[in-house]
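The values are calculated or read from the model by the stated rules, or taken from the named source; none is laboratory data. On a predicted model such as this, the values are computed, not experimentally measured, just so you know. Cβ sites come from the backbone with ideal geometry, for glycine too, and all protein chains shown count toward neighbours. Accessible surface is based on the protein model in full, side chains and every heavy atom, while ligands, DNA and RNA are left aside. Shrake-Rupley method; radii C 1.70, N 1.55, O 1.52, S 1.80 Å.
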Amino acid sequence: MSDVSAVKAALKSQVIETPSWGYGNSGTRFKVFAQPGVPRDPYEKLADAAQVNAYTGVAPKVSLHIPWDEVDDYGALGRHAEDLGLRIGAINSNVFQDDDFKLGSVTHPDPKVRRKATDHLLACVDVMDATGSPDLKLWFSDGTNYPGQDDISGRQDRLAESLSEVYGRLGQDQRMLLEYKLFEPAFYSTDVPDWGTAYAHCLKLGPKAQVVVDTGHHAPGTNIEFIVAFLLREGKLGAFDFNSRFYADDDLMAGAADPFQLFRIMHEVVKNGGLEAAANVNFMLDQCHNIEAKIPAVIRSVTNVQEATAKALLIDSDALAAAQRSGDVLASNGVLMDAFNTDVRPLLAEVREELGLARDPFAAYLASGNQDLIAAARVGGDQAGWGA
């Protein structure tokens, strides 16, 4: 796309969903690090998300995580989001932090435990109804640690049974987004370990079931952009969980470890129509900010995704196609590299200025003094965290 006005229009219409848990305390297996000013309830999480949206202009959706974001009145929470210029995005279920789920949740050998897990998923659909959320996002830590621990194919049957029941509960305009992860916390077999497993289940369920690609959930060297291109081609790419990884599921700021990979992914998104409204691909962040301040880190992540998108939009698609048709390997690669090496920060600054925003959202937020304000105001109570 070489038309700068078209590039700007695409960037202005992009929506990046931020995670409620990204504003809370988080850490590693060893320690959760508390910070001053961290939200104490879902309402304060939404207030922080509103700050990100106010400075970036492209982050009006917020994912919730149940029960981390449990409230008495979800309708009131949804209305509060609207008052802040936000809307509720995906509802994320949690069937991995209950002692009953030690051997699995929906794939557990005990039908009573499976019933408990499935009932939680159905309750999350109730939350969707109350908040206006369009998406139920499912990630299962289910798996086994030892050979022979359980029946691998039997666990797939149990998974399919639960997914089918929840799928049947979805409303007409609601979707199920199924996430996969290579390993952890199950270390021998994972019940949804890869995109193929998620795709197979979604294919059987029907059109309202689609796959989530978490950029941190793959083996080293996996060609994630191939997965993205394939799922887009099949109409089964529902959402991204953007983050960055050095070793495994590090959940660092998007684009921090490998911005070139993020660019390559966004190239496939742009080329295959994934930015178009009809594709209905949800661009979410899934990150826990352990040592950096929460709101600035989310702002930086949003702008990193914007930069990768802008570079992908600037690829000379005609030149790339011509080089590919002629078998000119170096020219083809050169077209991509020219776009990747373009400094798109001035272009994005212009886009923000045209939207009535500061040219540098990160600097503008820091200058606003909001960090000091929330640190002074949010004293007492229990800080939100990731529940570890």
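The table for this structure:
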read-out: Members of the stretch 160-186 that are touching a residue at least 40 places away in the same chain (Cβ under 8 Å), open to solvent by less than 70 Å² (accessible area, probe 1.4 Å) and outside any loop (DSSP other than H, G, I, E, B); value: A160, S162, L163, S164, V166, Y167, R175, M176, L177, L178, E179
read-out: Test result for M266, modelled with pLDDT of 95 or more, over 23 Å from L64 (Cβ atoms) and crowded, with 18+ Cβ neighbours inside 10 Å; value: yes
read-out: Test result for A256, modelled with pLDDT under 95 and farther than 30 Å from S105 by Cβ; value: yes
read-out: Hey, A278 in a helix (DSSP H, G or I), out of contact with any strand residue (DSSP E or B) (no Cβ under 6 Å at 6 or more places or on another chain), of a type in the set (G, A, S) and closer than 27 Å to L46 by Cα or not; value: no
read-out: Test for G216: is it open to solvent by 50 Å² or more (accessible area, probe 1.4 Å), in contact (Cβ under 8 Å) with a residue 24 or more places away in the chain and under 21 Å from the mean Cα position of the chain (by Cα); value: no
read-out: Wholly enclosed strands (runs of 3 or more DSSP E) of the stretch 59-159 bearing at least 1 residues open to solvent by 40 Å² or more (accessible area, probe 1.4 Å); value: 87-92
read-out: Contacts under 7 angstrom Cβ, first residue in the stretch 136-148 being small (G, A, S), partner surrounded by 18 or more Cβ atoms within 10 Å (Cβ to Cβ) and not in a strand (DSSP E or B), 6 or more apart; value: S141/A186; G143/A186; G143/D191
read-out: Candidate set from the stretch 365-388 (those that are outside any helix (DSSP H, G or I) and hydrophobic (A, V, I, L, M, F, W, C)); member that is farthest from G24 (Cα to Cα); value: V379
read-out: Enumeration of residues in the stretch 187-204 that are closer than 16 Å to G235 by Cβ and surrounded by 17 or more Cβ atoms within 10 Å (Cβ to Cβ); value: W195, A198, Y199, H201, C202
read-out: Any hit, the stretch 357-373, residues being surrounded by fewer than 19 Cβ atoms within 10 Å (Cβ to Cβ), among the basic types (K, R) and either touching a residue at least 40 places away in the same chain (Cβ under 8 Å) or within 21 Å of D48 (Cα to Cα) (or both); value: yes
read-out: Number of positions in the stretch 219-238 that are aliphatic (A, V, I, L, M) and either on the phi > 0 side of the Ramachandran plot or open to solvent by 30 Å² or more (accessible area, probe 1.4 Å) (or both); value: 1
read-out: Residue match in the stretch 269-279 (condition: open to solvent by less than 50 Å² (accessible area, probe 1.4 Å) and touching a His at 6+ places or on another chain (Cβ under 9 Å)); value: no
